[in-house]
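The next block holds one structure in the form of structure tokens; read it before the comments.
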Amino acid sequence: MRKASILILFLVIAGNLPAQTEESQERDAIFLKLELLKQAYAIQRGYVLEPELAWQHDRVNFNFTYGHSQYKRSSLYKELDYINKGNYYQFGLLYQIVASKQYFAQGLFIGMQVSYADFTETGSIIFDGPYFGDYTSNLEQSNKLYSLAYLLSYKKMVSEHFILDLTGKISTVLDDYNQPHFPVYIVPGSGVTNIFERPEENSFMTGGLSVKIGYKF
């Protein structure tokens, strides 16, 4: 009788903990995320669309990002009316170094990301013409560049299905991209590479911060 009572008590306790048991055993999840910070930054200068599809298996996070952006800047390099437009594709691999006991997908991650950007830069320069009117010179250059980024990311489940993703990165462009008209100013998906606006040289390293909100399926 005593053994039967203990067994019944055990089954009752176990039956009251289904959510915790299921959460502790869950090791796979798929997320769809949208970038927020870049959209806020580009509101006055253009637009950015950057959805990310991520899959986390145990402590490993795989993600694929497609981006489309347009960026405008007047008086770049003191004289250039600048437009940058193009697409980029990113594949990232992260590992969870600090895990959460509450949600397996929550915690601190480190990783790397490969990025490919295919974009066009155009610029217009107006030369004053006191006798025959002003003259406008239109410049255009195309770029196809690979970049490698080192990532540090903190992911937090703000509810059962929504996740907040804060990621800092340091990127380096892997290709030589000297251009005949003017230095590359920004590489879509990687960031501003010529932050000091030096008209005589290109930079190969940049950094950035990403803020994403995602939904867990």
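Could you tell me which of ASN87, PRO188, HIS161 has its Cα farthest along the dipole of the range 28-216 towards the positive end, charges placed at Cβ (Lys, Arg +1; Asp, Glu -1), taken about the Cα centre?
Going by the Cα projections, it comes out as HIS161.
Kindly give the semi-axes, whole Å and largest first, of the ellipsoid equivalent to the range 34-187, taking each as the square root of 5 times a Cα gyration tensor eigenvalue.
40, 16, 11
Report the label-to-label distance for TYR150 and LEU174 in nanometres (one decimal), using points 7 Å from each Cα along the Cα→Cβ vector.
1.6
Can you work out the FRET efficiency for the pair ILE97 and LEU37, with r the C-beta to C-beta distance and R0 = 30 Å, to the nearest 0.05?
Once rounded, the FRET efficiency stands at 0.80.
Here, each number is a calculation from the coordinates, and none is a lab measurement. Not measured: the values here are computed from a predicted model. Cβ: placed from backbone, ideal geometry, glycine included. Neighbour counts: every protein chain shown.
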